[in-house]
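One structure below.
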Amino acid sequence: MNIDLVEGRDGEASAPGEPVLEAEDLRVWYSGPSGPVRAVDGVSFSLRPGEILGLVGESGCGKSTLGRGLLGLLPDGAARDGVLNFRGTDLLSLKAKQAYALRGGSLGMIFQEPLTRLNPLMRISEHFAETLKVHEKGISKAEIERRSLEALRVMGIPPTRLRAYPHEFSGGMRQRLMIGLTLVLRPAFVVADEPTTALDVLVEAQIIRILHDLRATYDTSLLLITHNLGIIAEACDRVAVMYAGKIVEIGDAREVFTRPRHSYTRELLRSTISLSTTGLNYIEGAPPDLTDPPSGCHFHPRCPDAMAICAQREPAVRTTDAGSRVACWDADRRDGLALSEAESAPLEREEIAVADEA
Amino acid sequence: MRGLWRTIWDTKGVARWVLVGGVLVTLVFVAFALLAPWIAPYGFAQNNIDGTKLPKLAEPGSGYLFGTNDQFYDVFSRVVWGSRTALQVIALSVVFAGIIGVPLGLVSGFLGGWVDRLLVFVMDAVYSFPALLLAIVFSFLLNDKVGGGVIPAALSLTAIYIPQYFRVVRNTTVAAREATYVEAARAIGAGPFTIMRKYLFNNVVQSVPVVATLNAADALGTLAALGFLGLGIQPTEAAEWGYDISRGLDDAQSGVWWPAFFPAMAIILLITSLTFVGEGLNETVNPALRRRRHRPFRFPQRDSAQEVSS
Amino acid sequence: MASSSGSLPRYIALRVLLIIPLVWVLLTVVFLLLRVAPGDPVSATVGDRLSEDALDERRAAAGLDRPLVVQYLDYLGNVARFDFGNTFRTDTPILSIVRDQGGATLTLTVGAFLIALLIGIPLGRLAGRFRDTPGDVAIRVYGVVSYAAPLFWVGILLVVLVNAVAPSFPTNDIASPFTKLDSEAYTKTHILVVDTLLAGDTSAFLDVLQHHLLPCLTLGFLLSGVIVRLVRINVIQALQGDYVEAARARGIGEGRVVRKHAFRNALVPVITVVGLQVALTLSGAVLTEKTFNWPGVGSALVRYIGERDYIAVQGLVTFFAVVVVFTSLIVDVINALVDPRVRY
């Protein structure tokens, strides 16, 4: 049933074909002092080759955990459950050794803070050589050199810097090196976890351009995690909005941004600051405790449109006429779902305050 | 206190039991020290009962739990009284060093400037010096002038540990001084003295127990070394493990193992326990070092509400 | 490349300049302790045997009747010329004691350090990688106990053990009496191991080597515990490093991640802190030398303390201070060679 909702099969505009990555009802939990933390709790999405999916949400909503969970880079005490397929391989049932082989070669990751991600004692050339040797046994020295220089060229770093140490580069250059190091193996799928947060605006634009061009250069699928909605609008084909461990709305980036269905998406967009902003908007309250999330829709304690039913039952995921998927009672009601008087009554103010406190 | 216990309990696996074990053994020695007159069957320098000499080098168990040594002393009593000496010396030296090192570190870190630089330089120089040599020089001087009692021994050790308190406190102070909450306090007009007392001191004392415990372990070893070199506490003043071991070494080579064995075990046990306690405390105040215990969980069956319906 | 190697000499030069104030502070501390403390060396050494006049004469001869400031400047000047003074009783230059007995201390400490590194690095690395497993706990206990066990007690245990297994194996002194007689001719380097080897006297060389085993093991055991703990904690911290996670994300296998990324980076701070253990090593050497009747500088110090020879004690302590400072210099240079970041 879920499969039918996957975008690739809905016959969307660009390149049809088998999805590279499919997650279905994926859960990534880790143990906390008072019970498991449901950092990712039932997430479904898929990515086609060369597609860029943006993942947005507040800090602590589980987006980074989701990114790492896809690659299996999880701390002790964390566990995954559900379905996660990469080109038909079930990633969740892989043995550690097989997972290592896939990582880097087929699944790549770009991190938030480029300054500390390169081994300070290894030259850039050694980073490239190590990565290539681990994944392609018996690769020749000349081939390593050629591939490394090619990666540097694509990233716009002069070939003379190949034998330099990481500390000899600026932050933006190091992030480009990280990207080059990730892409030298041509992975089919890359997670970029806030790749520009630690960088200044000019460098940010440069990095986004590079990531955006990947599709043309390598046909890489990208999961771009960010809290910067501007980046999503600029670089992504589709966007997924995450709140409290769940994807509350996912669809075509343009569609989601111009006509947000979920109240949280709308509020998130309203709180973005831009040149045309006249007043500052923000969402009241703080993201919920993921050990014991609120009942019903997790967003209901902070939601301005909350109805009685929102606190009682979790909204089902529904495909809209525009092809997005959304899980929101209010969106359902506006699209014609019949709710009883009691169900659609506005949620009492006190309840908001109480839930807020919790 | 309950919060501390909680963090200890949440620490992963064996690390927790090591800490608990360390605390328990330390407590046993503290009990020995406090209750020595009631636990030890004989005095620390008692070699006779009403004029009748105790046997020389009696084997353990032959009426004397740990045997007797070549000076007709009961080894068990010496071990028990030795814990009193050890804890006295440790406590005094740690307190002396703390009294000097902590305020010095606070002032140095808070004032900064050339005072700070000079103090740091001198302290680093002293710190780089071999600790035992420093203690040797001090007890060499003090033995000449004051004699070989508990207090001179404690004073000899004090000098070694001042730089360590100084370092930790000074570095914490410098870090705290730059912290936003101190800046905020200054912004609302708090004077330097208020800031130091209210905002820094509490922050700084957190790290001191760790240093104190680890220093205590180290002090015990240094005290024993001084005893071995004949520079520590004189045997007539108090029972000291290091001295007892060095006296028992020759006997040990000829098969009479017990006069040196039991005090050596006491030293090893107490230093080990104190180190475990110190490391445990360190992991408690430095969460980065700690590994939380993972409570296993199972994914519950999916409920129907999560099923996707179109 | 050119820029990084070019700045290394500058770094070393800077570091050498920095040791001058460090030595000065240490010398001042030593001087203050031994000269300004109440009482004076002469009466402490021979006060009970000589008349007041004779004492004054001795004080004048040793220059102790001069103002403290003059004595202090004199002392600094002498040390700058590597003159650490003469012993009070026998008027032997401290430097000649150091020359004759320093070799024994040097080979003892170097041997002990090698043993400690040989045991400590692999154990610490294992414990750090397999953190919180029973093996880690066992290694941690080893690390603490080796440091907790009184060194002289460990030494005697080894002696008892060796006596039981191989009664003819040497457990005392640096050489057998015969070798010692023979080797008095060998004074090329004043390091017995080297001298016997240079003289081509294989049996003497082996004899000296055998004598080194127990003392080096004893001191090495103490140091290995410190190194185990250092390596372990640094491996753990390095394994939490961002570049380690990044390497894992590139699919580098765990073994290689530990070896090439975590371990190498863990060793950088270890080198610095191991350098600081020179102080601990010298402390331990004093005890080891006393335990094994080892003819080194440490036993000399203990002997002069027993004789209450202030000037000899001051000279030897000054020498130790200079050794500590110079080793820390060497450690910093090694550090700069290993870690490319330090040179900047």
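The values are calculated or read from the model by the stated rules, or taken from the named source; none is laboratory data. Computed from a predicted model, the values in this text were never measured in an experiment. So basically every Cβ, Gly included, is an ideal-geometry build from the backbone, and we count neighbours across all protein chains shown.
When C:Gln71 is tested against (1) crowded, with 23+ Cβ neighbours inside 10 Å; (2) of a type in the set (S, T, N, Q); (3) more than 30 Å from C:Ala175 (Cα to Cα), only condition (1) is not met. For region A:123-144, a tally of residues being assigned to a helix (DSSP H, G or I) and in contact (Cβ under 8 Å) with a residue 12 or more places away in the chain returns 10.
Among the residues of region C:164-181, just one is in a helix (DSSP H, G or I), out of contact with any Asp or Glu (no Cβ under 7 Å at 6 or more places or on another chain) and surrounded by 15 or more Cβ atoms within 10 Å (Cβ to Cβ), namely C:Lys180. Residue count for region B:145-184 satisfying the condition of being closer than 17 Å to B:Ile233 by Cα, touching a Ser or Thr at 6+ places or on another chain (Cβ under 8 Å) and in a helix (DSSP H, G or I): 8. Please verify whether region C:239-246 includes one or more residues that are touching an Asp or Glu at 6+ places or on another chain (Cβ under 8 Å), within 28 Å of C:Ala336 (Cα to Cα) and facing another protein chain (nearest Cβ under 7 Å). For region C:239-246, residues touching an Asp or Glu at 6+ places or on another chain (Cβ under 8 Å), within 28 Å of C:Ala336 (Cα to Cα) and facing another protein chain (nearest Cβ under 7 Å): present. The residues of region A:58-95 that are over 14 Å from A:Ala39 (Cα atoms), polar (S, T, N, Q) and touching a residue at least 12 places away in the same chain (Cβ under 8 Å), listed by number, are A:Asn85, A:Thr89. Taking the criterion of being touching a residue at least 12 places away in the same chain (Cβ under 8 Å), within 11 Å of another protein chain (Cβ to nearest Cβ) and surrounded by 20 or more Cβ atoms within 10 Å (Cβ to Cβ), the residues of region C:303-317 that qualify are C:Tyr304, C:Asp309, C:Tyr310, C:Val313, C:Gln314, C:Leu316, C:Val317.
Residues checked against (1) surrounded by 23 or more Cβ atoms within 10 Å (Cβ to Cβ); (2) out of contact with any strand residue (DSSP E or B) (no Cβ under 8 Å at 6 or more places or on another chain); (3) within 11 Å of chain C (Cβ to nearest Cβ):
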site	(1), (2), (3)
B:Arg186	no, yes, no
B:Gly189	no, yes, no
B:Leu223	yes, yes, yes
B:Gly232	yes, yes, no
B:Leu249	no, yes, yes
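Residue pairs whose Cβ atoms lie under 6 Å apart, separated by 6 or more positions or on different chains, with the first residue in region C:243-258 and over 14 Å from C:Arg125 (Cβ atoms) and the second in a helix (DSSP H, G or I) and among the charged types (D, E, K, R), are C:Gly251/A:Arg103.
Note on region A:156-209: residues that are of a type in the set (Val, Ile, Thr), part of a helix (DSSP H, G or I) and within 11 Å of chain C (Cβ to nearest Cβ) amount to 2. Inside region A:95-120, residues that are under 15 Å from A:Leu21 (Cα atoms) and more than 9 Å from every other protein chain (Cβ to nearest Cβ) make up a count of 0.
Within region B:106-114, can one find any residue that is in a helix (DSSP H, G or I), more than 26 Å from B:Ala225 (Cβ to Cβ), over 16 Å from the mean Cα position of the chain (by Cα) and polar (S, T, N, Q)? There is at least one residue in region B:106-114 that is in a helix (DSSP H, G or I), more than 26 Å from B:Ala225 (Cβ to Cβ), over 16 Å from the mean Cα position of the chain (by Cα) and polar (S, T, N, Q). The C-beta contact set for region C:261-287 (first residue within 14 Å of chain B (Cβ to nearest Cβ) and more than 18 Å from C:Leu239 (Cα to Cα), second residue surrounded by fewer than 23 Cβ atoms within 10 Å (Cβ to Cβ) and of a type in the set (D, E, K, R), distance under 9 angstrom, 6+ apart or interchain) comprises C:Thr272/C:Asp332; C:Gly275/C:Asp332.
Just give me the residues in region A:18-31 being over 18 Å from A:Pro288 (Cα atoms), surrounded by fewer than 21 Cβ atoms within 10 Å (Cβ to Cβ) and within 14 Å of chain B (Cβ to nearest Cβ), in sequence order. Matches in region A:18-31: A:Glu24, A:Asp25. Residues satisfying the criterion are present in region A:32-44 (criterion: surrounded by 17 or more Cβ atoms within 10 Å (Cβ to Cβ), at pLDDT below 85, in a strand (DSSP E or B) and within 14 Å of chain B (Cβ to nearest Cβ)).
The set of residues in region B:128-144 being within 7 Å of chain C (Cβ to nearest Cβ), assigned to a helix (DSSP H, G or I) and over 9 Å from B:Leu226 (Cβ atoms) consists of B:Ser128, B:Ala131, B:Leu133, B:Val137, B:Phe140, B:Leu141, B:Asp144.
Take the residues in region B:173-184 that are within 15 Å of B:Val107 (Cα to Cα) and modelled with pLDDT of 75 or more; name whichever of them is surrounded by the fewest Cβ atoms within 10 Å (Cβ to Cβ). So the residue we want is B:Ala175. Of the candidates C:Val268, C:Val257, C:Val235, C:Val228, the single residue that is β-branched (Val, Ile, Thr), part of a helix (DSSP H, G or I) and touching an Asp or Glu at 6+ places or on another chain (Cβ under 6 Å) is C:Val268.
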